[in-house]
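Please read the structure below before turning to the comments.
What follows is calculated from the coordinates using simple rules that are stated; it is not laboratory data. Quick caveat, the model's predicted, so the values are computed rather than measured. Cβ placement follows ideal geometry from the backbone for every residue including glycine, while neighbour counts extend to all protein chains displayed.
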Amino acid sequence: MVLVGVGHTDTDDCAVLHVPDLGLVVAGDAIYNGVHQYLGESADGGRDAWRAAIDTVEKLGPRWVVASHKNKDLDDDPARAIAQTRQYIDDADQLLKENSTALGFFNAMLARYPERRQGATVLWAGTNSLYAGTGDPLQDALTGWVTP
């Protein structure tokens, strides 16, 4: 087993566990599998750093990827999980540019990923962080409710 530092994913200083003989990567927070991803710490280059972490996992050539955040009904297919994690971040970038309000972004992500019923609260928490201090009246009103 090899501990591989991947840097920033949904938070700082993440690592994955690689078992080369099995072709296994226990991906922790680097790869999600069929649930909404936590984007709250992805501003200021965080999404690009997460993409680099995904590239690191992909270069390990896994036959299986076990995500710590996953829909239990999905398999651990690495190509699908890796591609979908990357696509989610790309879609977030696009929808952040298109939506000036937290609610607009949140609803756009829900519409983009209607099959991801799990993790909507995580999506909202991340959205709340991304739009903090933007002057969005709804987001500002909810900040005190969502943030302790």
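Between 0 and 90 degrees, the angle of helix 102-112 with respect to the longest Cα principal axis of the chain falls at about 40 degrees. Measure nothing but the geometry: give the 0 to 90° angle between the long axis through the Cα atoms of 46-59 and the longest principal axis through the Cα atoms of the chain, rounded to 10°. Once rounded, one gets 20 degrees. Taking P114, P20, P62 in turn, the Gaussian network model of the chain (Cα-Cα springs below 10 Å) assigns the largest fluctuation to P114.
Mean-square fluctuations from a GNM of the chain, with a 10 angstrom spring cutoff on Cα atoms, peak among D55, D13, D77 at D13. Relative to the longest principal axis of the Cα atoms of the chain, helix 78-98 runs at roughly 20 degrees. Summarised in one figure, the compactness ratio Rg/Rh of the chain, Cα atoms and Kirkwood Rh, is 1.00. Using C-alpha pairs under 8 Å with a sequence gap of at least 6, the mean separation divided by the residue count of the range 2-146 gives a relative contact order of 25 percent.
A DSSP coil position with no more than 13 other Cβ atoms inside 10 Å describes the following trypsin sites (Lys or Arg not before Pro) in the range 20-108: R63, K72. For the chain, the mean residue ellipticity at 222 nm estimated from helices alone is -14500 deg cm²/dmol, where every DSSP H run of n ≥ 4 contributes -39500 (n - 2.57) and the total is divided by all residues, rounded to the nearest 500. What percent do you get for the relative contact order of the range 61-127 when only Cα pairs under 8 Å and 6+ apart count? Reported relative contact order: 22 percent.
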